[in-house]
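Trainee: Supplied in structure tokens, the structure appears directly below.
The values are calculated or read from the model by the stated rules, or taken from the named source; none is laboratory data. Owing to the predicted nature of the structure, the values given are computational and were not obtained by experimental measurement. Ideal geometry is used to build each Cβ from the backbone, glycine not excepted, and the neighbour counts take in all protein chains shown. The accessibility values were calculated without ligands, DNA or RNA, using every heavy atom of the protein model including side chains. Shrake-Rupley method; radii C 1.70, N 1.55, O 1.52, S 1.80 Å.
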Amino acid sequence: MPAFIACHGSCALREIVLINITGEDRPGLTAAITGVLAQGGVNILDIGQAVIHDTLSFGILIEIPDNERASSVLKDVLFMGYKHDQQVRFTPVSEADYQHWVAGQGKARHIVTLLTRKVTAEQLQRVSSITAKYGLNIDHIDRLSGRMPLDMPEERGKGCIELSVRGEPADTAALRAEFLSVAQELNVDIAFQRDSVYRRNRRLAVFDMDSTLIEAEVIDELAKAAGVGEQVSEITERAMRGELDFRASFKERLALLEGLSENVLADIGASLRLTEGAEVLFAELKRLGYKTAILSGGFSYFAKQLQAKLGIDYVFANELQIENGKVTGVAVEPIVDAQRKADLLRQLAEQEGLCLEQTIAVGDGANDLPMLGLAGLGVAFRAKPLVKQSAKQAISTLGLDGILYLLGFRDREGSE
């Protein structure tokens, strides 16, 4: 039987006590403990409970209005804990400490999300050390990913740990830079975002297409069929890194496709592979009531195929002009470039009656940065280094469905 720590109020009219209960999780324990407290006329000031592998950790901060009844109430709690085979610990809390705790409730709160194929102690140690270094206090730690079999191949694994932290970092840019450095070193993703009312209440998600929703740059595939693959791929790579203006590079690449037969489009469309997690992500977004859109510097011919496959609401992409069965190589205005993507995001949000904080934007290239910066949640997905450094958040280790974790979504909440 655990030792009883009595609380004696010298001249106070009440006792404030933190009760910690640990042991094997048992149905009815919370009802039994609070039943004892109810008989003592106790007020509950704070409460929290977690169960890890059937082991309970239960904390409850109470105010006993009449300090003369404190010993009796706590003895009854201790007995009830012993009856349910639990360890019970009492910690007296001074009124000054309690008031200091109350005064801290207005502090900023943030969410740190660790995404990886398999969670390791080193990953969590490095992340938690950085949060502490910048003066952030961890209040809660939750696992959002599902339970992982021990023999699960690592490449098929999904791990996500969410930390709720309190405080405001003195240098947010330096904090993000350290997270990015550790993420690259340990092959994980670390997201840092303010915990606001919008985080789980966003309603519009827009996506780049090439190398985001699909595992290819369509213009490169068209170029291969036209016999100018290497030339176009080199221009594409430089544009995605931000070394070339997208609009100019798009016109240059498109001109090289002049004369390509229309017949190859269907074959290329059929060969395009969806990015890992795309189908799961769109199914869940649709179930949660989101509107979705493709905002692509690619071509509407292929974007509309994805729209039909994934149930996407809106498509804005470039037209591939064809005359007499041949690609003309002429760009059709308006070209969907970086600025147009940002303008379309703003336009769709207004059309849906949403503020920009309620939007998500996902892309991989430099031409996606304006819309990523505009959205409430901007995610650089498997992006080039420049884009990862500039975007608010980045995912490179998991599939597109990893975005759901950034919304606080748990695997067990899925439609299946």
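Trainee: Please verify whether Ser296 is in contact with a strand residue (DSSP E or B) (Cβ under 6 Å, 6 or more places away or on another chain) and among the polar types (S, T, N, Q), treating the condition exactly as stated.
Mentor: Working: in contact with a strand residue (DSSP E or B) (Cβ under 6 Å, 6 or more places away or on another chain): yes; among the polar types (S, T, N, Q): yes.
It is true that Ser296 is in contact with a strand residue (DSSP E or B) (Cβ under 6 Å, 6 or more places away or on another chain) and among the polar types (S, T, N, Q).
Trainee: Under 9 Å between Cβ atoms, at least 6 apart or on separate chains: pull out the pairs that start in region 212-224 with a residue that is farther than 15 Å from Leu320 by Cα and open to solvent by less than 10 Å² (accessible area, probe 1.4 Å) and end on any residue that is among the acidic types (Asp, Glu) and part of a helix (DSSP H, G or I).
Mentor: Thr212/Asp368
Trainee: Is it the case that region 85-97 has a residue that's closer than 25 Å to Arg194 by Cα and of a type in the set (Phe, Trp, Tyr)?
Mentor: Checked region 85-97: no residue is closer than 25 Å to Arg194 by Cα and of a type in the set (Phe, Trp, Tyr).
Trainee: Let me ask another. Counting only residues that are in contact with a helix residue (DSSP H, G or I) (Cβ under 8 Å, 6 or more places away or on another chain) and part of a loop (DSSP other than H, G, I, E, B), which one in region 314-336 is surrounded by the fewest Cβ atoms within 10 Å (Cβ to Cβ)?
Mentor: Ranking the candidates gives Pro334 first.
Trainee: When both residues are 6+ apart or on different chains and their Cβ atoms are under 8 Å apart, which pairs have a first residue that lies in region 94-109 and is outside the structural domain of Asn137 (by the TED database), and a second that is among the β-branched types (Val, Ile, Thr) and open to solvent by 70 Å² or more (accessible area, probe 1.4 Å)?
Mentor: Pairs that qualify, where the first residue is outside the structural domain of Asn137 (by the TED database) and the partner is among the β-branched types (Val, Ile, Thr) and open to solvent by 70 Å² or more (accessible area, probe 1.4 Å): there are none.
Trainee: Suppose we keep only residues that are open to solvent by less than 70 Å² (accessible area, probe 1.4 Å) and farther than 27 Å from Gln389 by Cβ within region 130-148. Which one would you say is nearest to the chain's Cα centre (by Cα)?
Mentor: Result: Asp142.
Trainee: I need the full set of residues from region 202-228 which are more than 22 Å from Leu295 (Cβ to Cβ), out of contact with any Lys or Arg (no Cβ under 8 Å at 6 or more places or on another chain) and either not charged (D, E, K, R) or not assigned by the TED database to the domain that holds Val387 (or both), in order please.
Mentor: If the condition is that a residue be more than 22 Å from Leu295 (Cβ to Cβ), out of contact with any Lys or Arg (no Cβ under 8 Å at 6 or more places or on another chain) and either not charged (D, E, K, R) or not assigned by the TED database to the domain that holds Val387 (or both), then Ala225, Ala226, Gly227, Val228 are the ones that fit.
Trainee: Determine which single condition Ala38 fails, assuming it passes every other condition in (1) more than 26 Å from His140 (Cα to Cα); (2) touching a residue at least 24 places away in the same chain (Cβ under 8 Å); (3) part of a helix (DSSP H, G or I).
Mentor: (2)
Trainee: Turning to a different aspect of this structure: Scan region 324-356 residue by residue and report those that are of a type in the set (Asp, Glu) and touching a Phe, Trp or Tyr at 6+ places or on another chain (Cβ under 6 Å).
Mentor: Across region 324-356, the qualifying residue is only Asp337.
Trainee: Something else: Being assigned to a loop (DSSP other than H, G, I, E, B), within 20 Å of the chain's Cα centre (by Cα) and under 23 Å from Thr397 (Cβ atoms) narrows it down to one of Val165, Val119, Val112, Val127, so name that one.
Mentor: Residue meeting the stated conditions: Val119.
Trainee: With the structure loaded, tell me whether Asp195 is under 20 Å from the mean Cα position of the chain (by Cα), open to solvent by less than 70 Å² (accessible area, probe 1.4 Å) and under 30 Å from Asn318 (Cα atoms) or whether it fails that test.
Mentor: No, not satisfied.
Trainee: Could I ask something else about it? If you check every pair at least six apart or on different chains, which have Cβ atoms under 9 Å apart with a residue in region 378-399 that is free of Cβ contacts under 8 Å to residues at least 40 places away in the same chain first and a residue that is of a type in the set (Asp, Glu) second?
Mentor: Between residues of region 378-399 that are free of Cβ contacts under 8 Å to residues at least 40 places away in the same chain and residues that are of a type in the set (Asp, Glu), the close pairs are Gly378/Asp368; Ala380/Asp364; Ala380/Asp368; Ala383/Asp364; Ala383/Asp368; Ala391/Asp368.
Trainee: Also: Take the residues in region 288-311 that are touching a residue at least 40 places away in the same chain (Cβ under 8 Å) and in a loop (DSSP other than H, G, I, E, B); name whichever of them is nearest to the chain's Cα centre (by Cα).
Mentor: Tyr290
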